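What follows is calculated from the coordinates using simple rules that are stated; it is not laboratory data. These numbers were taken from a predicted model, which means no experiment stands behind them. Neighbour counts run over all protein chains shown; Cβ positions are idealised from the backbone, glycine included.
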Amino acid sequence: MNSKLYLAYGSNLNLEQMSNRCPTAKVVETSQIDNHRLLFRGAHAGAVATIEPFKGDSVPVLVWEITPADEAALDRYEGWPFLYRKETVKVKLNGKTVKAMVYIMNDGRPLGQPSCYYYSTILEGYKSAGFDVDILRKATTDSAESEEAINE
């Protein structure tokens, strides 16, 4: 079987959602993408997660082993190649450096806030993977374009 490694940092951290979308995908382990930060970009209350280079920060990821059928399902979900592009990045896995595929949003979309539903989907993934939820909270703060964007 021709499988590849895929790094999830957003809603695909959610195990239930991934099992519905990619029934043959398997969790390998957790890792992180160094010198990147998590942000939300897109329409007003419908911004979605992306990662961008940022020295000193890191983004926790769930490493999945996916099949070509899983990748096709992910491509549709991620709006590839229009909304997201695919990049190959290096991460540590079981003490070794490996290459894995990750979706990164194409340039040109403004910072914005995620919907409550989307945020809670990611939050559930963060909790099940044992990730620091402060990273997710910081991403929403960093993605607030201005004071008007935060209606608390």
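Observations, loosely collected:
Per-residue answers, yes or no, for (1) buried (at least 16 other Cβ atoms within 10 Å of the Cβ); (2) out of contact with any strand residue (DSSP E or B) (no Cβ under 7 Å at 6 or more places or on another chain):
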residue	(1), (2)
THR67	yes, yes
ALA72	no, yes
ASP75	no, yes
TYR84	yes, no
GLU87	no, no
VAL91	yes, no
VAL98	no, no
VAL102	yes, no
GLY108	no, yes
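- Test: residue in the stretch 129-139 that is surrounded by fewer than 16 Cβ atoms within 10 Å (Cβ to Cβ), under 21 Å from TYR6 (Cα atoms) and in contact (Cβ under 8 Å) with a residue 24 or more places away in the chain: yes
- When each of PRO53, PRO23 is tested for being over 18 Å from ASN106 (Cα atoms) and surrounded by fewer than 20 Cβ atoms within 10 Å (Cβ to Cβ), the lone residue that passes is PRO23.
- Yes/no for ASN2 being farther than 25 Å from SER143 by Cα and not in a helix (DSSP H, G or I): yes
- Residue match in the stretch 77-99 (condition: among the small types (Gly, Ala, Ser), out of contact with any Ser or Thr (no Cβ under 7 Å at 6 or more places or on another chain) and within 26 Å of SER3 (Cβ to Cβ)): yes
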